[in-house]
Amino acid sequence: MLQSNMAVNPQGHFVFAGFDTVELAKKYGTGLYLIDEDRIRGNCRQYVHTMRSCMPAGSVPLFASKALSFKQMLRIINEEGMCADVVSAGELYTALAADFPAERIYFHGVNKTDEDIAYALDNKVGYFIIDCYEELYALDRMAGERGIRQKALLRLTPGIDPHTFAAVNTGKVDCQFGVPIETGQAREFVSAALKAENIDLVGYHCHIGSQIFDAQPFCDAIDIMLGFISMIRDEFGYTASVLDLGGGFGVRYVESDPHVDIPACIRRVAAYLEKACIQCGLPVPVVLMEPGRSIVADAGVTLYTVGSVKEINGYRSYVTVDGGMSDNPRYALYGSEYTAIIANKADQPADYLCSIAGRCCESGALIQENIMLQQPERGDTLAVMVTGAYNYSMASNYNRLRRLPIVMLHEGKDYLAVRRETFADLLSCDL
Ligand SMILES: *Cc1c(COP(=O)(O)O)cnc(C)c1O
């Protein structure tokens with residue numbers, strides 16, 4: 001099996017987090033997101049404990065809540081001692097609704113509107129990660145109006161290509177996020193931020209990309225960021241005390257993906273940072289990391305019911321399920337690979353080549369192409385693995401499909417954390 005929280009039981013059923021998935025499909029209906037809460041908590045602890053053990057006091061992981069945001073998820077993140085990063089007022093609203101302490105929330109996002117800024121200031125969000133000049137000036141003005149000196153980091157682009165898929169590579173110079181170092185613009189940006197009276201600049205942020213399988217790209221980012229911190233210190237006499245290295249550690253979607261030893265990578269990053277700081281004569285900054293995918297992806301499985309098996313003679317076979325691009329757009333968006341299994345035939349050989357299609361009315365709306373499954377037929381339960389990140393959070397109501405519920409699996413108990421949308425929900429904004 002792909003992961004240690006997966007198995008096959010004597011009935012030949014696929015077991016996830018100790019639960020017979022065929023039974024869960026019967027109990028809750030399909031499509032259905034399952035989330036292994038214990039796996040999430042374990043993933044959180046790897047980051048929290050490792051960062052605490054080898055980085056300066058105050059170093060902490062922030063959960064990139066865009067990967068999976070709903071109230072219970074934010075409660076779990078809080079209980080595990082992580083901070084949260086939000087990229088919109090809606091994600092902030094969700095975190096606050098879960099009683100997430102505002103001072104532990106970092107407000108990210110490109111193009112925060114005045115309404116977003118006011119909402120975050122009025123709710124006393126801990127830190128802003130400022131993306132552009134317009135935001136810097138608006139935040140300075142609006143914080144001043146409220147008599148607040150707002151703590152903030154600046155989002156900079158170090159110009160790193162971590163060799164990942166272009167659409168999820170956000171640290172290179174030519175992108176819409178942050179301000180680039182290479183062009184000299186970041187220097188000007190810092191200069192402006194240091195002049196802003198109502199902004200307390202604590203440091204810099206960079207996010208180099210996603211699905212990164214080793215520590216090296218982070219070490220490369222450290223070289224560039226420390227070079228920048230030294231240059232600013234020499235020129236302006238300002239030394240950043242916080243360095244946010246962003247998210248991006250990868251997960252195994254398929255057997256051929258490498259396994260990332262996250263604690264080992266964090267220790268390597270910490271050792272590299274310490275050495276590089278000594279070389280530059282800089283104090284070691286407090287480190288923030290922003291894992292999203294590596295906290296939740298391997299905690300998720302999606303269950304569907306097979307509706308049809310269509311063999312196009314001379315071409316290929318399509319298996320359709322009661323979900324699709326509306327609950328998992330990642331294949332349609334990025335061509336992402338997934339592992340799938342017929343959950344009620346998990347002990348049978350996977351010798352049937354097919355593509356998995358959903359119910360959305362687009363030819364590209366596939367969940368996976370050319371995958372090997374057990375012989376499928378109508379009524380079977382299909383499980384797609386490693387769907388905890390960027391599935392629920394990217395879900396849509398395309399074709400007026402109702403968004404799926406989330407069932408949490410925790411210490412042998414299953415409970416509903418997000419209910420299935422109803423037809424009435426689909427009309428809730430229609431006048
Ligand atoms: C997407 C994103 C993350 C999380 O990335 P993962 O690959 O899910 O770990 C963290 N920080 C920022 C700024 C992001 O845009």
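The values are calculated or read from the model by the stated rules, or taken from the named source; none is laboratory data. Here the structure is a predicted model, which is why all the values come from computation and not from measurement. Heads up, the Cβs are rebuilt from the backbone with ideal geometry, glycines too, and the neighbour counts pull from every protein chain shown.
Does Tyr238 satisfy the criteria of being aromatic (Phe, Trp, Tyr), at pLDDT 95 or above and surrounded by 17 or more Cβ atoms within 10 Å (Cβ to Cβ)?
Values: aromatic (Phe, Trp, Tyr): yes; at pLDDT 95 or above: yes; surrounded by 17 or more Cβ atoms within 10 Å (Cβ to Cβ): no.
No; evaluated as a whole, the condition is false for this residue.
Hey, among the residues in the stretch 173-217 that are closer than 22 Å to Glu290 by Cα, touching a residue at least 40 places away in the same chain (Cβ under 8 Å) and acidic (Asp, Glu), which one's nearest to the ligand (Cβ to nearest atom)?
Asp214
So, in the stretch 168-208, of the ones that are among the small types (Gly, Ala, Ser), part of a loop (DSSP other than H, G, I, E, B) and surrounded by fewer than 23 Cβ atoms within 10 Å (Cβ to Cβ), which residue ends up modelled with the highest pLDDT?
Narrowing the stretch 168-208 to residues among the small types (Gly, Ala, Ser): 171, 178, 184, 186, 191-193, 196, 203.
Checking which are part of a loop (DSSP other than H, G, I, E, B) leaves us with 171, 178, 184, 196.
Adding the requirement that they be surrounded by fewer than 23 Cβ atoms within 10 Å (Cβ to Cβ) leaves 184, 196.
Values: Gly184: 94, Ala196: 98.
Among those residues, the one meeting the criterion is Ala196.
Scan the stretch 28-50 for residues that are out of contact with any helix residue (DSSP H, G or I) (no Cβ under 8 Å at 6 or more places or on another chain) and under 23 Å from Thr320 (Cβ atoms) and report the count.
Total meeting the criteria: 4.
Which one of these does Val301 not meet: (1) within 14 Å of the ligand (Cβ to nearest atom); (2) crowded, with 24+ Cβ neighbours inside 10 Å; (3) β-branched (Val, Ile, Thr); (4) farther than 15 Å from Leu156 by Cα?
(1)
When you go through Tyr331, Tyr390 one by one, which is the residue that is outside any strand (DSSP E or B), in contact with a helix residue (DSSP H, G or I) (Cβ under 8 Å, 6 or more places away or on another chain) and within 25 Å of Ala299 (Cβ to Cβ)? Show your work before the answer.
Working: Tyr331 fails: in contact with a helix residue (DSSP H, G or I) (Cβ under 8 Å, 6 or more places away or on another chain).
One residue alone meets the criteria, Tyr390.
Sort out which residues of the stretch 25-56 are of a type in the set (Lys, Arg), more than 30 Å from Glu274 (Cβ to Cβ) and surrounded by fewer than 17 Cβ atoms within 10 Å (Cβ to Cβ), and write them in order of number. I'd like the intermediate steps shown before the answer.
In the first step, residues of the stretch 25-56 are kept if they are of a type in the set (Lys, Arg); the result is 26-27, 39, 41, 45, 52.
Subset that is more than 30 Å from Glu274 (Cβ to Cβ): 26-27, 39.
Answer for the stretch 25-56, where residues must be of a type in the set (Lys, Arg), more than 30 Å from Glu274 (Cβ to Cβ) and surrounded by fewer than 17 Cβ atoms within 10 Å (Cβ to Cβ): Lys26, Lys27.
Determine whether the stretch 225-234 contains at least one residue that is within 15 Å of the ligand (Cβ to nearest atom), among the hydroxyl-bearing types (Ser, Thr, Tyr) and under 25 Å from Ala152 (Cβ atoms). Even if it seems obvious, please write down each step before you answer.
Taking the stretch 225-234 as the starting set, the residues that turn out to be within 15 Å of the ligand (Cβ to nearest atom) are 225.
Keeping just the survivors that are among the hydroxyl-bearing types (Ser, Thr, Tyr) gives none.
Checking the stretch 225-234: not a single residue is within 15 Å of the ligand (Cβ to nearest atom), among the hydroxyl-bearing types (Ser, Thr, Tyr) and under 25 Å from Ala152 (Cβ atoms).
Being in a helix (DSSP H, G or I) and touching a Ser or Thr at 6+ places or on another chain (Cβ under 9 Å) is the filter here; which residues of the stretch 297-328 pass it? So that I can check it myself, show each step before the final result.
Applying the first criterion (in a helix (DSSP H, G or I)) to the stretch 297-328 yields 297-299.
Selection gives Ala297 alone.
Looking only at the stretch 343-375, count every residue that is more than 24 Å from Ala17 (Cβ to Cβ), touching a Leu at 6+ places or on another chain (Cβ under 9 Å), at pLDDT 95 or above and not in a strand (DSSP E or B) and tell me the total.
Qualifying residue count for the region: 1.
Might you let me know whether the stretch 1-15 holds any residue that is outside any loop (DSSP other than H, G, I, E, B), within 16 Å of the ligand (Cβ to nearest atom) and hydrophobic (A, V, I, L, M, F, W, C)?
Taking the stretch 1-15 and keeping what is outside any loop (DSSP other than H, G, I, E, B), we get 6-8, 14-15.
Narrowing further to those that are within 16 Å of the ligand (Cβ to nearest atom): none.
The answer is no; no qualifying residue exists.
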